[in-house]
Each structure stands twice: as structure tokens, then as C-alpha cells.
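Structure record follows, encoded as C-alpha cells.
The values are calculated or read from the model by the stated rules, or taken from the named source; none is laboratory data. None of these values were measured; they are calculated from a predicted model. Neighbour counts run over all protein chains shown; Cβ positions are idealised from the backbone, glycine included. With ligands, DNA and RNA removed, areas are computed over all heavy atoms of the protein, side chains included. Shrake-Rupley method; radii C 1.70, N 1.55, O 1.52, S 1.80 Å.
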Amino acid sequence: MENENRQFTVSIYTENNIGLLNRISAIFQRRHMNIESLNTSPSEIEGVSRFTIVVNITEAQMKKIQGQIEKQVEVIKAYYHTEDEIIYQESCLFKIKSELLFDERQIQNIIRESNARIVTVNKEFFVLEKSGRKEEIDLLYRELNVFGIMQFTRSGRVAVTKDKMKISTLLEAFQD
Amino acid sequence: MEVKTEQNNPKKTSTTERISGSEAIIKCLLAEGVDILYGYPGGAIMPVYDELYKYQDKIHHVLTRHEQGATHSAQGYARISGKVGVCIATSGPGATNLVTGIADAQIDSTPMVCITGQVGSHLLGSDAFQETDIVGISTPVTKWNCQITKASQIPEMLAKAFYIAKSGRPGPVLVDITKDAQFEEFDFEYKKCKGVRSYKPVPDTDENSLKAAAELINNAKQPLIVWGQGVILGKAEEEFKAVIEKAGIPSAWTILGASAIPTSHPLNVGMVGMHGNYAPNVLTNQCDVLIAIGMRFDDRVTGNLASYAKQAKVIHFDIDPAEIDKNVKTDVAVLGDSKASLKNLLPLLNPNSHKEWHQKFKDLYKIEYEKVIKNDLHPTKEGITMAEVLKEINIQTKGDAAIVSDVGQHQMIACRYAEFNKSKSNITSGGLGTMGFALPAAIGAKMAAPNREVVMIAGDGGYQMTIQELGTIFQQKVPVKIVVLNNEFLGMVRQWQQLFFDKRYASTEMTNPDFVAIAKGYHIEAQKVTERKDLKAAVKEMIDCEGPYFLEVRVEKEGNVFPMIPTGASVSDIRLE
Ligand SMILES: Cc1ncc(C[n+]2csc(CCOP(=O)(O)OP(=O)(O)O)c2C)c(N)n1
Ligand SMILES: [Mg+2]
């Protein structure tokens, strides 16, 4: 198990710092580990950022990486989780010709069934937004691709854990 | 150029005073107890140099001859004193010239603060003259770094820089300060940094891990300690000695751990690793409990990991949680500061002597002595060996000298044969193996510890990588003793070529200049020895000399360093010839 590649979602709580992204991505880069997706955002604590990184590596590697990440001065704590320990979403946008919306019946059905949302429509194009798990987005992509997609983009994964993170307690402990 | 006069208008309040960013930098350094810094001026750092000029009676700036020299001097200063070394440079090429020294300090956990000037903040990102992204460049080789664009950030950031550099596992930090921030005036107030929210320098020690460690040690029949620089950095020499003496455990060192206990200590069984001693390397694969203290299982220490101490239970004491299980899987990890951990371990240990086990070390030492050491120290052949020179230095300094070595064969010989009475006496570039380290590092070491004899040992190759620092030695009158062991080869590489590349000596033979004339050109007393009979007197003249002294010794051209663990081999397959 320790030596098989698995998908891990790494959650890193950090101070806000411009250079930190470099430091963290270098930890993966040095070891030739491909980052599947990376997202940074504010966290539940004011002034604290949260990185969500998805990687495919062995658990043994993952543990070492966790140590290297936590070693960075401005990292408060790094966790890693397997798929069943988190609730996650990815989000994507499709830009599609507006005429298709009216000419191709199918499209409306696809949109309805996939729980995608139309963000905007104008004469030329409409924009479709879909949040969900990677497979759902992949499926939607395949279905729409048949008709032609003008632009497509998908966000990095964002995830929350089923278990508590206890960052606030940690921060308090740091300060004594 | 804009010249600032700020003597007037000292709008002082009780705790703050209105000063320029550059003056604030000096005041921060003074508040951190910095008395010496090493550097090189240039456009983007000129305001700070202007203040250094005004404060020259309080803080001594040493003009090195190259910024790399400044970093190694700061490292030498830090390594011998345990204090933070400081260096300073201008933007662009000045900053990039620091990189090797920073990387060296990072991998060898040396506390260092580097201050670089940067172009004005309005020019950032515009490819301005001498603009370089030194924060980006230095990120992978610093413990922490930052850029300051406003004078008001200077006190807090510098306080943080010093705190981070010296706390926990020490390391280099870099603070890049734009020129406008240096000129800008602000209300200065300095508060030392007492902590950084996201940073826990010393992990908590789990008492159970200490108990588990003690139990393994108490039940061990053949325990072996391998200690590293963590003992020295943690100022844990006394606690360490007490532990090994009580438990009677043979103890071996990594090259950065050398000198933490005296060479002559009966439990000191020598150096581990590629060119280490025979007994501790071979017996690493026979011990039942391996106790690693403040070391990181570098590949030069472990050889092939697949056959490293597989039979042993491994206990690892370290301050850096990321080192645990990084290279060698541990059975018990004791996190924390070495001083506290060893102190708390002591009462849990049973007294022991491990007589039979010790005998194995003695037996293997005899083999190494017959095959290697005897020929190194008492050669019957014509050429002078490197080890003979070290033996003579040991005799004449009585083991009290700090030895600052460069990188190559002479370094391995220096580490193997130098005798140390005091801690912090083996100053060398371990993890990075930076040729050119020794001469500037010796300058820093001597300036930090003027009462100690500081002997630099370099090869003819590495010496020429920073030979320009002779200028610093001359200008600053630093009485370091400079020994070049000249084999007219990049000896260590030549040795590998001989052993593993069928003697194809590609670009390792050196046609060298008249080193004595060069030293004399810098007004440094100098001498060259080519024959054994002259060695003793020459070393004596060097040690007796009050000022700096240069001694070149022509050593055998194709001598090899043994024992040796070939790359990829196991520690127990160490070769004696
Ligand atoms: C900056 C740098 N470049 C290259 C090397 C690779 N290297 C390691 S030892 C060595 C030879 C050193 O020759 P010298 O200084 O004459 O010492 P010797 O081995 O002959 O004692 C070289 C080239 C290095 N360690 N550092
Ligand atoms: Mg040489």
C-alpha cells in the first residue's frame, strides 16, 4: 500500500505570503512529482490561506512531502487525505455558440440532466458552469464536445475534510 | 546621485526615532549583536554602506574580494562561534554571487543573514540595471527570504530574519531591500522577534519516545552511536558526553559532527561515511541498535541504503521532523532539541561498558592502521603524504587549532587525521562540497575567534577558486594559517578517474602558478616545502608566525584516500585499498 501510487489531496494552511507558492511547488518539482491541480484561497481563519493540491504519489512519498512542506517557515500545517476522507468539488466553464442552444435540442437536455447552470447568454455565445466531481465534469465535456466547444476551463480541486482540522487550536498553541 | 542628509530633524519620541531605512538596517544589526559583517558594495546598497561608514566604530564591515567570499566568511564566523553570520551585497551580480554560499549554509544548517540591495521599487520587474529576482533565485536555498519595499518593514523583517536563521534547525535567510526603502525615513523602533506564528522551531519531545529509546539502548548488546552537527548546533556536547560515557557506547561522527567530543576520547571510534574509518562503517552493519543523533543519513554517510544497518533497530534524535524516515526508516524517533533530549535521556540509561563490542572496533582499527593509517602517517616512500602534514599540524598546535578545510582529498585527510580538543573546530563544507569554501571561511573563523589558532587546509584546485581573498587577509590583517596541499591535480576527481574511469585523467591535471609568489604579492609571509625533512620546521615557522602565513606543501601527486566506500556499495563493503 505504502508503495503504490494513490491520489492524495493535500491541504496546507499558510500565512499569506507571495513567495510561498514557489517554495511549495518547488518541493514537488524537485522530486519530479506532477501536481494534478492546485488551488489557493482564503481559509476559515482570517489572514490564513489554504492550498489544496492534488497529487498521485505513494503514501511513503506523501509523508516525506508533508514533512518538507511543514518545514517551510510560513506553513502552519499540512494534511493529506485520500478520496474517501474528503468532500471535494471542481468547477468548470464552457463557452458555446448560442445558436446551438436553440438548434440542438439535445443540449438543453444535457444541461438539465447534468445540473449545469447557464451563467450568461448573448447573441453569440452562452456560458455554462458546472461544479462537481472530476468524472461528472469529464462526462459533460464529452457530451458537449460533440457539438463544439469554443472554450473550456476547469478549476483546481477544492476540498473540505470529513474530520476536524483543528487549525485554530494549533494557532493558539503556536502563540504561547 | 541623491545624497541624503538626515542629521537635522530628529523628531524623537520616547520609543521611536525618525531615521532612514538604511540607518535602521545598521541599528537592527547592532540590536542583534552583530559586530562584524562581510560584504561588497554597489549601486543598490550604497545607502547602507554610507551608514556603515558613519557607524564604523560600532560595526566592522569586512570588504571581501568577491561576494562568494563574503558568504563563506560569514559561514566560518557562524560555525566557530555559534552566532549568526552576516553578509551584504548589492543587487544583480552582487546578489547572485551569494548563491553558492547560501546553498552551502542551507545544506549545512549554518545560521546566516544575507542582506541584498535591490533596484528601486518602481523599477521592479522592468529589467532595470542590475535587477535580478534574487528572492526567486534564492528561494530553494534559503530557510526563509523576503523582499522589503518600505522602510517601515525593515525592523520587523530583520528581527524575523535573525530569529529564523538561528532558531530551531538553523539556516540562511535572505532579505532583499529596495533602494527607495533604504532612503525612506520612518519612525524606527526595534523589537526582537520572539516567535513566528506558523513556525515551531523546536518540536515537542514525546516522553514515551525517550523511554522507548532508553529501553532499546539499555537492552542493546552492540549499540552504535552516529552523531552529527546537531550535537554542536544544540550546544549539547556535555550532555552527549555524559550519555555515551554512562552507557559506554562506541560513538562515530559525520564530518560535520567532528570535534563535538575530543578526538582522543576513548569512546570516539572515528568517522563514518565514504572515506570514514573502517570500524564504524563495517560495524554499522553489525550493531543491534543504531542511535543517530543530530545527523541526517546523508548518502555520503550511508552508502547504499538498501544494505545500510538493516539488522539494527534505529533510533533517531533530531530537531527537524522532516528528517525522520527521510532516508532511513526509524524504529524510535525522538524529536526535539539535542541538549534537552540527551539531558532527559541520561537518567533513563543503565550504566554499561560493552567491553567485547568495543574490542571489535579495536580489532578493525588495527586492520585499518596496518593497511592505511601507517602508510599515511609514516610513509616509507619518497613523496610527502597529506596525512603527514596534518600530523605535524596536530603536534605543533597540540590539537587546539580549528581546522578549516576545503573540498577534495585533502579535506577527507584533514577530517580523518586532524586532532581536536575543542568543539566547533572542524569547519568544512559538508553537504554541498563547495570548493573555494576554506580560505574565506578561515577568515571568518579567525575573526570570530581571534584567540584560536585557525589553520586552513586546501588543495591546489579549490584554493584557486577563492584565492582572491588573500586580499582580504592582507587588508584586514587576519592571522590565518594557510596550507595548500599541492598535488598538481584535482586529486579527488583524479582518484575516481583512476579507480572507475581507467585512469583517463580528463581535465584534472593542473599547471599551477607560483603560489608563494602570489602570497608574497599580497605581503603574506610564505614558504614552499618539497621535502619531508623540511616539513617540521616549516610548520613550526607557520605556527610561530604572528601574522598570516602561507605554506605550500608539495605532496605525492597520485596519492589516494582510503578507506573508501565506492558509490552504490554498502558501508560494510568499504575498501581498504
Ligand atoms: C565548486 C566545485 N566544483 C567542482 C567540484 C568537484 N570536485 C570535488 S573535489 C575536486 C577536486 C579538488 O581538487 P583540489 O582542490 O586540488 O583538492 P585535492 O582533491 O587535490 O586535495 C573537484 C573538482 C566541487 N566539489 N566544487
Ligand atoms: Mg589537488
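Looking only at segment B:275-302, count how many residues are away from chain A (no Cβ under 14 Å), part of a loop (DSSP other than H, G, I, E, B) and either charged (D, E, K, R) or more than 22 Å from B:Ile244 (Cβ to Cβ) (or both).
Within segment B:275-302, residues that are away from chain A (no Cβ under 14 Å), part of a loop (DSSP other than H, G, I, E, B) and either charged (D, E, K, R) or more than 22 Å from B:Ile244 (Cβ to Cβ) (or both) number 3.
Hey, among the residues in segment A:135-176 that are among the small types (Gly, Ala, Ser) and more than 23 Å from A:Ile110 (Cα to Cα), which one's nearest to the other protein chains (Cβ to nearest Cβ)? If you could, list the steps in order and put the result at the bottom.
Our first condition is that a residue be among the small types (Gly, Ala, Ser); within segment A:135-176, this holds for A:148, A:155-156, A:159, A:168, A:173.
Filter again for more than 23 Å from A:Ile110 (Cα to Cα), leaving A:156, A:159, A:168, A:173.
Numbers: A:Gly156: 22, A:Ala159: 21, A:Ser168: 12, A:Ala173: 9 Å.
Residue satisfying both the conditions and the ranking: A:Ala173.
Confirm whether B:Gly430 is more than 9 Å from ligand 1 (Cβ to nearest atom), small (Gly, Ala, Ser) and either modelled with pLDDT of 95 or more or open to solvent by less than 10 Å² (accessible area, probe 1.4 Å) (or both). Judged against the criteria, B:Gly430 is a match.
Those strands (runs of 3 or more DSSP E) of segment B:102-218 in which at least 1 residues are of a type in the set (D, E, K, R), in contact with a strand residue (DSSP E or B) (Cβ under 6 Å, 6 or more places away or on another chain) and open to solvent by 40 Å² or more (accessible area, probe 1.4 Å), considering only elements entirely within it, cover B:185-188.
Among the numbered conditions (1) within 12 Å of another protein chain (Cβ to nearest Cβ); (2) closer than 21 Å to B:Gly21 by Cα; (3) hydroxyl-bearing (Ser, Thr, Tyr), the only one that B:Ser121 does not meet is (1).
Against the conditions (1) touching a Leu at 6+ places or on another chain (Cβ under 8 Å); (2) within 30 Å of A:Leu20 (Cβ to Cβ), A:Val119 satisfies every one except (2). Based on what the data block shows, is A:Ser25 hydroxyl-bearing (Ser, Thr, Tyr), within 14 Å of chain B (Cβ to nearest Cβ) and either without any contact (Cβ under 8 Å) to a residue 40 or more places away in the chain or open to solvent by 20 Å² or more (accessible area, probe 1.4 Å) (or both)? In short, yes.
Contact map, segment A:1-17: residues that are in contact (Cβ under 8 Å) with a residue 12 or more places away in the chain paired with residues that are hydrophobic (A, V, I, L, M, F, W, C) and surrounded by fewer than 16 Cβ atoms within 10 Å (Cβ to Cβ), Cβ distance under 8 Å, separation 6+ or inter-chain. Pairs shown: A:Glu2/A:Ala60; A:Asn3/A:Ala60; A:Tyr13/A:Ile45.
For beta carbons closer than 6 Å, sequence separation of 6+ or different chains, a first residue in segment B:303-325 that is within 13 Å of chain A (Cβ to nearest Cβ) and a second that is crowded, with 16+ Cβ neighbours inside 10 Å and among the acidic types (Asp, Glu), the qualifying pairs are B:Ile319/B:Asp337.
When the residues of segment B:497-510 are filtered to those that are of a type in the set (A, V, I, L, M, F, W, C) and open to solvent by less than 60 Å² (accessible area, probe 1.4 Å), the one that is farthest from ligand 2 (Cβ to nearest atom) is B:Leu499. All conditions but one from (1) within 21 Å of A:Glu136 (Cβ to Cβ); (2) outside the structural domain of A:Lys123 (by TED's automatic domain parsing) apply to A:Tyr13; the one that does not is (1).
Selection of segment B:330-361 for residues being among the basic types (Lys, Arg) and touching a helix residue (DSSP H, G or I) at 6+ places or on another chain (Cβ under 8 Å) yields B:Lys339, B:Lys343, B:Lys360.
The single condition among (1) within 14 Å of chain A (Cβ to nearest Cβ); (2) among the charged types (D, E, K, R); (3) closer than 19 Å to B:Lys200 by Cβ that B:Lys329 does not meet is (3). Taking segment B:510-524 as the range and being under 28 Å from the mean Cα position of the chain (by Cα) and more than 22 Å from B:Gln475 (Cβ to Cβ) as the test, the residues that pass are B:Met510, B:Asn512.
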